[in-house]
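The structure appears right after this line, and notes come after that.
The values are calculated or read from the model by the stated rules, or taken from the named source; none is laboratory data. Remember, predicted model here, so these are calculated numbers, not experimental data. Counting neighbours? That spans all protein chains shown, and the Cβs are built from the backbone with ideal geometry, glycine included.
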Amino acid sequence: MGNGKVPLPINRFFLGWTIILYGVSALLYPYLPDRVPAHWNVTGEVDRYAGKLFHVLFFPSLILGLYLLMGLAPVIEPKKGSYEKFRNTFEFFRALITIFFSFLYLITTLYALGTKLSVGKMILFAMGLLWLFLGNSMGKIRHNFTFGIKTPWTLANEEVWNKTHRASGPLWVGMGIVWMSSTLLPERGGFILAMSTLVGIVIFGFGYSYFLFGRIKKNGRP
């Protein structure tokens, strides 16, 4: 800890979970069709397929890779010690990412096995939950250079960072609710509504942080 870096421990539960996913893949492989649906368009129709070997290896490997890659963020973070200030929040988000992609693997596999599911709507709902939980924790994310709302102005000024994240948090929660509610609409309409809110939230983050930074500079504060 003397160098200020915070290498997060590898959670054995989540590593064990990925091993279980590989085992499930091996068990299901003989029952999957040779071509597995890999992408759904905005109307909820399959428009791309992948080989079943790719399918059973891709998701467990992606989940494992993302979990390990996110664990490197505190190590490569230029602002030493920043992750220690919101360690629990970051670990919670790592867990959410693992759960989210595990859910994607589950529903796409079930669909490939013949279960009739509205995969597009289920993904929108799961993404909505992800945004909701992230927004609820947004104000706890402390100033750093690798995780959070990174604009030139939030990165340049810690006050701008904190105020932008506090203001954005409720909006991300609201976006999560909109994404979940969009599943009540037809696939195309729900997708357009969901993506419109995401674009709006991104624009707000840039605009609000720019405004705050300019006001701080105008008042002569660093």
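In the stretch 163-222, how many are in a helix (DSSP H, G or I) and either aliphatic (A, V, I, L, M) or on the phi > 0 side of the Ramachandran plot (or both)?
Qualifying residue count, the stretch 163-222: 19.
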With the requirement that a residue be out of contact with any Pro (no Cβ under 9 Å at 6 or more places or on another chain) and either without any contact (Cβ under 8 Å) to a residue 40 or more places away in the chain or surrounded by 15 or more Cβ atoms within 10 Å (Cβ to Cβ) (or both), what does the stretch 67-78 give you?
67, 69, 70, 73, 77
Could you tell me which residue of the stretch 134-174 is nearest to the chain's Cα centre (by Cα), considering only residues that are among the aromatic types (Phe, Trp, Tyr) and at pLDDT below 95?
147
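Can you find a residue that is in contact with a strand residue (DSSP E or B) (Cβ under 8 Å, 6 or more places away or on another chain) and assigned by TED's automatic domain parsing to the domain that holds residue 111 anywhere in the stretch 64-73?
First, pick out the residues of the stretch 64-73 that are in contact with a strand residue (DSSP E or B) (Cβ under 8 Å, 6 or more places away or on another chain): none.
Checking the stretch 64-73: not a single residue is in contact with a strand residue (DSSP E or B) (Cβ under 8 Å, 6 or more places away or on another chain) and assigned by TED's automatic domain parsing to the domain that holds residue 111.
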Checking the structure you have, find out if any residue of the stretch 117-128 is aromatic (Phe, Trp, Tyr), touching a Ser or Thr at 6+ places or on another chain (Cβ under 6 Å), within 30 Å of residue 20 (Cα to Cα) and not assigned by TED's automatic domain parsing to the domain that holds residue 14.
yes
Filtered residues of the stretch 20-47 (kept if modelled with pLDDT under 90 and either loosely packed, with under 14 Cβ neighbours inside 10 Å or part of a helix (DSSP H, G or I) (or both)):
39, 41, 43, 45, 47
Scope the stretch 175-185; condition buried (at least 19 other Cβ atoms within 10 Å of the Cβ) and within 16 Å of the chain's Cα centre (by Cα); matching residues
175, 176, 179, 180
